[in-house]
Amino acid sequence: MTTGAWLCLFAPLLGAVLILLGGTRIPRVVAGWISTTSVFVAFAGALWSFFALRAASGHIGRISSAWTWVQAGNFKVGLSVLVDPLSTMMMLIVAGVGGLIVLYSIGYMDGDDEERRYFAYISFFVFSMLLLVEGGNLLLLLVGWGLVGLSSYLLIGFWHDRPSAVAAAKKAFVMNAIGDATMALAFFVLIAHSHSLEFGASFATAGQLSPTAVNLVALGLLGGAAAKSAQIPLHTWLPDAMEGPTPVSALIHAATMVTAGVYLIARTHPIFEQARTVELVAAGMGTLTLVVAGLIALVQTDIKRVIAYSTMSQIGYMFLGAGVGAYANGMFHLMTHAFFKALLFMTAGVVIHALAGEQDIRKMRGIGALMPWTRWAFLAGALALVGVPPFSGFFSKDSIIAAALHDHWYGVVMAIAALFGAFLTGLYTFRLYFIVFPGEPSAFVREHHHAHHGKEGPLTMLVPVGILAVLAVIGGWIQLSPFWHPLTTWLEPAARTLGVAVPTNTQEAIASVAAVLLGLAGIGVAYGLYGTDRLVVPKLPAVQRALEHKLYFDEAYDALFYRPAAAFATWVRRDFEEPVILATGPDLGEGTLELGEGVRRLQTGLLRTYVLFLGTGVAIVGVVFMAVR
Amino acid sequence: MLGPGVAWYLGVAAFLFGTGALGVIVRRNPIIVLLSLEIMLNGGNLALIAVARHAGNGAGQIFALAVMAVAASEVCVGLGLVVAINRKRLDLDIDKLSELRG
Amino acid sequence: MTTSSITSLLIWLPIGAAIALWILPLSRYAIGSLAVLVSLVEVGFWIEQAARFDFARHGLQFSQRTPWIKDLHVSYHVGEYGFSLWLVGLTVVAMAACIGYGFWVGRDRPRVYFGLMLMLTGSTVGVFVSQDMLLFYAFFEAMLIPLYILIGVWGGAGRMGATIKLLIYTMTGSLVMLAAIIVYGLKVGTFDLVDAPPSASRWLFLGFMLAFAIKATLFPFHGWLPDAYREAPPEVTAVLSGVIAKVGTYGMLRIALTKFPDPSGYYRTVVLTLGAAALVYGSLLAFRAVDFRGVVAYSSMAQSGLITIGLFSGTNIGFDGAVLQMVAHGLISCSLFLIAGTVERRSTTGEFARLGGMARGRPALATLLMTVGVISLAVPGSAAFAGEFLILAGAYQRAWWWAAIGATGIVLAAMYMLRLISAVLHQARGPAVPDAALDLRAGELALVVPLVAALLVLSAWPAGISHHSFAGDAPVQAVQGQFR
């Protein structure tokens, strides 16, 4: 089974290297197909390990090591992959959805003059993401963690002529570097106690640490998870990351990388369970994010930013699920979210592609009439997102809310917030839908909607959209708690759901009914405000302005961290480095010269002066000798 | 032990040395300065020999011989310089020969 | 203890070749080719040596010892330990690339230039392998002379000031070290580094540390760094930061920590603080630097600080990480400065305000700069990451705050390196970048690609160095046991 995992891991890397070495010698379209093939080969590898693992008795997991990656003293970390239920599930999602999105990219990126670079990057991303989920120890997980951050940086800044894209890429990288650093600190604690970063040994160590230490470890991991998954307060990079090409947003900033935080919590849950408070902080963080992001999404006018905030909000649900201990529910939502959010981004991409790169929803009105298939696909994604049965989001989201409901009073509070979030989801999703798709096509749309690709886009774009649309509808059917839960059972050996997060049937029913009703209410309000029969949109200028400024997080960070640090650095350079350090050398030289100037005057050229000095010297030496004796 | 005590010899030596030193300091003619230097050196030699004899070993006398050799070569160089200065038609006045001033 | 003359060959082959270059009446082209050839032969010899090196064995290998001044127990004693083997490898590889760069750009007065570069190679190797303090000192000084001349003659507009500054700083350091060597050698009765017993003298420790801190550009002894790095020809800067700065950290490991166990314990916090200061201070200044070389120069300072933290953490993983990081950062800064040189050749400037947009149409330059840049900011998975991770994990075992400061350094590194990358490669084309500026040529690729390839190999297998630097991979024991 590990052969499949190795194949899965290295096929995309091989693809990236081939494209890099091929350079301009291979045609652009070939680069696209190399990349797509490599990711589908990875998917085949993932399937291989999945079935092998299913066939194996007990499917607990197996680690296979290629070589010792780092060794120092008695600390040793191998380059190893882990095949267990959790990692195979992630491998399937990453390689599967990834393959579809790379295929979609062939159509989307067609005509860009740096296509080869794009495909090399995206293959490299898939490799990094697979390394993250397959890594057989915490250090390799961190390596994958960092490399996905790197490929995310490369892809956000893909159009590097645009200053905004470059700035967004840098911001994403630095935010994630903060997360990497806190994770590294957490690992240092573990190394100091157990000299190991193997999963088993680390989890065992966590049980023996002092409460403070284990809380710090969990906080460090949570820092990494929050940065990667764009949870408040480390979320500001995600909306800006929409500067990248749309397939990148679909793959990295919706389906796979940003959900890595949830995977991390599920993977290291034994540590989090030792630090239950921190785990609940994760849940609270998720709750806060899902509400705030939902609110901000209400006022955004860029189609990709609306979906980006929706992603943040949905990851908030996953954090809530994983935080209360319902890891399988979190992972389930991760999977369905990968389907429907990738679908939403890709349909948005089809629209953007058709409108020559326009992303402002106010100009897109009525595009649905010209692109009916896209419209239906988007609608499927939107309904799945809102969680309307029988679309996939219903099954996964409601189980999270139900799990939260079971967990003490704070669980109830978080569940209520999550229900409010469900209302917001319906509202912002269908605000988007009603503004963009229905109605008569606007003049702008007619002018730009070019028909040279056939009706809606090239086949390489439409096929993946179609497949994902189907998955967005049926993807949730694999689990309907409390009646039918193969996924939870599958994940049980790797991440057993905490007892406090198993809801009663009544709670399941309450959560489902309430969430669906609130979601539908949101849709209804959206229809009322933005549908064809227009009501007056209520005006709350202060609130709206605050939301449009994303609650001033960027401004606050700028004023609190960036500008003071930059000012301090400038001050150090201007008032310390230059006058003190750099001037010391020349000052010493000049001091020596001046001293010489002074001594020069003693050299009169007159013999008698010299004799006088000589005599004085002898006299002093004589006196000293007398005195010392 | 014949002759006066060592103190007398040392007294003479000190007198010679002092005379020489005075000459070196106050005189401006380089020839006189060289002469005074010789007197200083001989004062020193006298002291060396006297103490050597007093102590009863030859080390001081050998040292005095070395000093004489040095003095001889020094006079050679010194007089050579005087001749060179004279050839350049410069004043034989060491206060005016202050080229080495810093 | 194996006796072998291959170590001496590594020292004297380039020096002999330098003398031959000065004597033989060769053409311009022949001089350059011969120098490149000799530097490649050096690399070959080193590979041969590395292949035969026994990493499990304790004590000196490939050693050679001939009495020199018998009364004082001074001898010509050379040999290698695991970590010196890697540093010698770094030296010969980096020097080969830099000599190749000099050949590629066609430095004028080639006879002198290539002779000096070869002399520099030989004497730097000598520093890393000498096992006698006076010999160490001799090579230490012999290494500086070519540097002074190379900067003073082939440098930029402000080269004289830079040279004088470098001279004042390094001479101060080495004279104090000479005094320390003499006192120490006379006190213990031998100048042999292997035989000399450890000393408890704090003054001697400080004497050695001053020289090494200046060489390694620890805060606040780095005053010579910005000018020298900026004014020297790029390939000489590459050597300065990639190799010469490592002499300082090597000296800390080989002499200061090994021979002065008590004083290094006593001053541990002070040195760690200086290292942390260099790390943070260098990173901050790198973030505000206005030109390519300024960023890399101050980042080298930060890295030296980090390596010092690793060494003085006094833990197994700290030592291993420090050695790994010395080699990794040597390769990184060498390639970065060579790339800086190629950029400056195309645009005549390294100032960010006048650069930009070089990625478009220049894929090789963009790929290489991006690769080295992200390795240098220690993206997880890279050799530099492995080194920094080990160093900080070791520092954490000393006290948590060293690791926390180091982690801040990692974030700052991301900030300044990304700033450099985008200022050179991205956004609109800078005013100093001509439209016709070419991508890297085959000759330039032949210089930088091997360095980057070495970095990638190290990234795939950092254990190659971290596990093969100290016999039995027990550095703390090895240091306490004086590497015997």
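The values are calculated or read from the model by the stated rules, or taken from the named source; none is laboratory data. Computed from a prediction, not measured in an experiment: that's the story for all the values here. Virtual Cβ from ideal backbone geometry, glycine too; neighbours counted across all protein chains shown.
Quick look at the numbers
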| read-out | value |
| --- | --- |
| Conditions (1) within 12 Å of another protein chain (Cβ to nearest Cβ); (2) within 15 Å of the chain's Cα centre (by Cα): number failed by C:Ile317 | (2) |
| Near pairs, Cβ below 7 angstrom, 6+ apart or cross-chain, from segment A:141-153 (more than 9 Å from chain C (Cβ to nearest Cβ) and on the phi > 0 side of the Ramachandran plot) to any residue that is in a helix (DSSP H, G or I) and surrounded by 24 or more Cβ atoms within 10 Å (Cβ to Cβ) | none |
| Filtered residues of segment A:126-140 (kept if out of contact with any Pro (no Cβ under 8 Å at 6 or more places or on another chain), more than 9 Å from every other protein chain (Cβ to nearest Cβ) and in a helix (DSSP H, G or I)) | A:Met129, A:Leu132, A:Val133, A:Glu134, A:Leu138 |
| Hits in segment C:345-361 (condition: of a type in the set (Gly, Ala, Ser) and assigned to a helix (DSSP H, G or I)) | C:Ser347, C:Ala353 |
| Number of positions in segment C:185-213 that are farther than 15 Å from C:Ser130 by Cβ and of a type in the set (Ser, Thr, Tyr) | 2 |
| Residue under evaluation C:Ala340, criteria (1) among the small types (Gly, Ala, Ser); (2) touching an Asp or Glu at 6+ places or on another chain (Cβ under 6 Å); (3) in a helix (DSSP H, G or I), criterion not met | (2) |
| Residue satisfying condition, being out of contact with any Ser or Thr (no Cβ under 6 Å at 6 or more places or on another chain), at the interface with chain A (Cβ under 9 Å from one of its Cβ atoms) and farther than 27 Å from A:Arg573 by Cα, within set C:Ala328, C:Ala364, C:Ala322 | C:Ala364 |
| Residue within segment C:344-361 that is under 24 Å from C:Ala94 (Cα atoms), free of Cβ contacts under 8 Å to residues at least 12 places away in the same chain and either under 23 Å from the mean Cα position of the chain (by Cα) or surrounded by fewer than 23 Cβ atoms within 10 Å (Cβ to Cβ) (or both) present | no |
| Residue among C:Met171, C:Met160, C:Met177 that alone is surrounded by 21 or more Cβ atoms within 10 Å (Cβ to Cβ) and part of a helix (DSSP H, G or I) | C:Met177 |
| Residue tally, condition surrounded by fewer than 24 Cβ atoms within 10 Å (Cβ to Cβ), of a type in the set (D, E, K, R) and more than 14 Å from chain A (Cβ to nearest Cβ), over segment C:202-247 | 1 |
| Residue match in segment C:421-435 (condition: in contact (Cβ under 8 Å) with a residue 24 or more places away in the chain and at positive phi) | yes |
| From the options A:Leu480, A:Leu468, residue that is at pLDDT 80 or above and surrounded by 14 or more Cβ atoms within 10 Å (Cβ to Cβ) | A:Leu468 |
| Residue pairs meeting the criteria (Cβ under 7 Å; at least 6 apart or on separate chains; first of a type in the set (A, V, I, L, M), in segment A:220-240; second part of a loop (DSSP other than H, G, I, E, B)) | A:Leu221/A:Thr268; A:Ala226/A:Leu234; A:Ala227/A:Leu234; A:Leu238/A:Ala230 |
| Residues located in segment C:426-466, provided they are among the β-branched types (Val, Ile, Thr) and closer than 22 Å to C:Ser347 by Cβ | C:Val433, C:Val448, C:Val449, C:Val452 |
| Near pairs, Cβ below 7 angstrom, 6+ apart or cross-chain, from segment A:116-136 (under 28 Å from A:Thr24 (Cβ atoms)) to any residue that is of a type in the set (Asp, Glu) and modelled with pLDDT under 95 | A:Tyr118/A:Asp112 |
| Test: C:Ile181 is within 27 Å of C:Ala289 (Cβ to Cβ) and touching a residue at least 40 places away in the same chain (Cβ under 8 Å) | no |
| Residue tally, condition outside any helix (DSSP H, G or I) and under 22 Å from the mean Cα position of the chain (by Cα), over segment C:260-295 | 2 |
| In segment B:49-102, the residues that are among the polar types (S, T, N, Q), away from chain A (no Cβ under 14 Å) and either assigned to a loop (DSSP other than H, G, I, E, B) or closer than 19 Å to B:Leu37 by Cα (or both) | B:Asn57, B:Ser73 |
| Hits in segment A:455-495 - residues which are under 18 Å from A:Ala382 (Cβ atoms) and among the charged types (D, E, K, R) | A:Glu456 |
| Selection within segment A:187-211 - touching a residue at least 40 places away in the same chain (Cβ under 8 Å), of a type in the set (S, T, N, Q) and within 13 Å of another protein chain (Cβ to nearest Cβ) | A:Ser196 |
| Given (1) part of a loop (DSSP other than H, G, I, E, B); (2) at the interface with another protein chain (Cβ under 8 Å from one of its Cβ atoms); (3) surrounded by 24 or more Cβ atoms within 10 Å (Cβ to Cβ), number of the condition C:Ala378 does not satisfy | (2) |
| Residue pairs meeting the criteria (Cβ under 6 Å; at least 6 apart or on separate chains; first buried (at least 20 other Cβ atoms within 10 Å of the Cβ), in segment C:90-112; second part of a helix (DSSP H, G or I) and of a type in the set (D, E, K, R)) | C:Val92/C:Glu42; C:Cys98/C:Glu235; C:Tyr101/C:Glu235; C:Gly102/C:Glu235; C:Pro110/C:Arg28 |
| Members of segment C:404-450 that are within 21 Å of C:Ser300 (Cβ to Cβ), within 12 Å of chain A (Cβ to nearest Cβ) and of a type in the set (Val, Ile, Thr) | C:Ile405, C:Thr408, C:Ile410, C:Val411, C:Ile421, C:Val424 |
| Entirely in segment A:353-452, the helices (runs of 4 or more DSSP H) that have 3 or more residues that are closer than 17 Å to A:Tyr317 by Cα | A:372-386, A:392-405, A:408-436 |
| Out of A:Val465, A:Val413, sole residue that is of a type in the set (Val, Ile, Thr) and under 26 Å from the mean Cα position of the chain (by Cα) | A:Val465 |
| Only listed residue being more than 11 Å from every other protein chain (Cβ to nearest Cβ), farther than 30 Å from A:Tyr562 by Cβ and among the polar types (S, T, N, Q), chosen from C:Gln397, C:Gln480 | C:Gln480 |
| Scope segment A:490-528; condition more than 30 Å from A:Gly61 (Cα to Cα) and among the aromatic types (Phe, Trp, Tyr); matching residues | A:Tyr527 |
| Condition check for A:Pro247: touching a strand residue (DSSP E or B) at 6+ places or on another chain (Cβ under 9 Å), buried (at least 24 other Cβ atoms within 10 Å of the Cβ), within 29 Å of A:Ala168 (Cα to Cα) and not polar (S, T, N, Q) | no |
| Helices (runs of 4 or more DSSP H) enclosed by segment A:514-629 - at least 2 residues per element that are within 14 Å of chain B (Cβ to nearest Cβ) | A:582-600, A:607-628 |
